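Read through the structure below, which is laid out as structure tokens, and then see the notes.
The values are calculated or read from the model by the stated rules, or taken from the named source; none is laboratory data. Since the model is a prediction, treat every value here as computed from it, not as a measurement. Cβ sites come from the backbone with ideal geometry, for glycine too, and all protein chains shown count toward neighbours.
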Amino acid sequence: MAYTVEVADLTKSYGATEVLRGVDLTIPAGTVHGMLGANGAGKTTLVRILATLIGYDGGTARVAGHDVARDARAVRGAVSLTGQYAAVDEVLTTRENLTMVARLRRLSGAASAARTDELISRFDLGAIADRRATTYSGGQRRRLDLAMSMVVPPTLLFLDEPTTGLDPRSRDQVWATVRELADTGVTVLLTTQYLEEADQLADRISVLDGGRIVAEGTPEELKTQVAGEVVRLTYGDTAAYEAALATLRTPEVTADRVLLTVDVPTDGSPESLRRLLDSLAVAGASPRRVGMHAPSLDDVFLTLTNPKQEALR
Amino acid sequence: MSTATTISDAVLDSRVMIRRGLIRSARDPEAFFTALALPVALMLLFVYVFGGAMSTGGEYVDYVVPGIILLCAGFGAGTTAVAVADDMTNGIVDRFRSMPIAAGSVIVGHVVASVARNAIATALVIGVALLIGWRPDAGVAEWAAAIGLLALFVLAISWLAATVGLLARSKDAANAFTMVLAFLPYVSTAFVPAHTLPTALRGFAEHQPMTPVIETLRGLWMGTSTTGQPLADQAWWALGWCALILVVSAVASARLFRRRTT
């Protein structure tokens, strides 16, 4: 099937609070989809609906071709959930946790033991395999969590904020693991509030804000959607700054009178840059410094999600 | 692919969850001994401190043991309610709920572990009772019947506790259930015969589920009754109450497990 996740006009309220206000989402099989949003944007609610943990009020949701509401058991057979609060049994050891999931997925005793050993080595859990999960670091717990989700490789893997609360080194380890999983063809729905994480891992990103998808595209598309790359000209005196503004009379130019900077849109090619600087030199408006400025996903995020607007609604 | 849970699926899932429950219990001895220590202390208190003032016809220890065993089962059930409530806040339960497994299996795991803990606790209470002079007058058949009834009672109260654990939104709320169970035996024939109670309490004591269980056990072990009813009548009431609690709890807990939305 072409799409692992097909969601249309999905709504969900808790009492008077609308958490999802009509979400549309399709995720092609074998891709990593990033769901980006601030706390309370509705990311976890969406994941919990798709994982059959909670119901929804309106719209449709299909996972791996199965209707989430009508055929929950088939959906459960196709998904694995890696939760915000790691979905591991803390009283049990790594080995016990993995064997438990293997047995629940009907692997035989011998097959369970073999799969457990395989996952312990693949997810680098050997040193802690027989220690209780309560003693693990955050990174170790997430790796066990991921390993438990991969006992039987799912059609769709949910990664709900997989690196929240991890130190940078553990985060890099989890990222590396996620990339490896993605390479095996597992479809991943990743929720995160970290733009860098979505940029690093996701093929496509949806920005969720106030229960709606406010933007969607590849990380590159989203960046260009907000503002293209600009050449930032910095001036040392007002005269040259004014001269530059007089020369560059296009609506795309943005200027800062206090900092004496002028941002000019560019395609980044040397030719366009040379033309720009030549025309400025002719007009006696050569800048003191020239810099290239590419928008980050942070710019995208801050432009698309405005917390003040949200509070007023 | 069949989308329904078959009986054999439910059995296989439950086996995995029972193993989980037993491992978890074995790693939490504090909860077990806390739930054991209080009933034993109460037994010693009642037998040695209050027992002399109690007129129940015969040695007070012979009278009080069935009540102490039920009290112990009540504390044990409290542990179960707290364990279930705590478990529901763990990420692992989200994993279970998003897996294609039988809805009741997680609770079955808790309940069976609870029954296992209670079996050990009951054996210890009986051991202490024998040490301090309890002398039951019962043959093999009576002992078998008493153990069978106790097992059914513990199963029912454990399942009820698991249901309460699912309903409770926190460990503290679940813990309050322990207080109810620990109080109920006082308003039964556990410590004093019902006819010694004030009228209002007496009506409750004679008709609440713990009384027929206690009376049946006492009848089996000592051949005595404080309510004047025949042993068989008491036994049917006891079995009926246990079966009712068991069925209602089993159905309710399976539904609650799937329905929880937080």
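Here are the numbers:
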| quantity | calculated |
| --- | --- |
| Residue B:177 vs. criteria of a type outside the set (Asp, Glu), in a helix (DSSP H, G or I) and within 14 Å of the chain's Cα centre (by Cα) | yes |
| Residue in the range B:45-58 that is modelled with pLDDT of 80 or more, in contact with a helix residue (DSSP H, G or I) (Cβ under 9 Å, 6 or more places away or on another chain), assigned to a helix (DSSP H, G or I) and buried (at least 23 other Cβ atoms within 10 Å of the Cβ) present | yes |
| Residues satisfying the stated conditions in the range A:274-295, i.e. part of a helix (DSSP H, G or I) and within 14 Å of residue A:264 (Cβ to Cβ) | A:274, A:275, A:276, A:277, A:278, A:279, A:280 |
| Scope the range A:242-273; condition in a helix (DSSP H, G or I) and either among the β-branched types (Val, Ile, Thr) or over 16 Å from residue A:291 (Cβ atoms) (or both); matching residues | A:242, A:243, A:245, A:246, A:247, A:271 |
| Residue list for the range A:196-235, restricted to those being among the acidic types (Asp, Glu), surrounded by fewer than 23 Cβ atoms within 10 Å (Cβ to Cβ) and assigned to a helix (DSSP H, G or I) | A:196, A:199, A:220, A:221 |
| Matching entry among A:220, A:252, A:196 (being modelled with pLDDT under 85, charged (D, E, K, R) and touching a strand residue (DSSP E or B) at 6+ places or on another chain (Cβ under 7 Å)) | A:252 |
| Residue in the range B:246-259 that is among the aliphatic types (A, V, I, L, M) and closer than 19 Å to residue B:205 by Cβ present | no |
| Qualifying residue in the range B:26-35 (condition: buried (at least 20 other Cβ atoms within 10 Å of the Cβ), at pLDDT below 90, over 16 Å from the mean Cα position of the chain (by Cα) and small (Gly, Ala, Ser)) | no |
| Residues that are without any contact (Cβ under 8 Å) to a residue 40 or more places away in the chain and either of a type in the set (Lys, Arg) or over 28 Å from residue B:235 (Cα atoms) (or both), drawn from the range B:95-145 | B:95, B:96, B:98, B:99, B:100 |
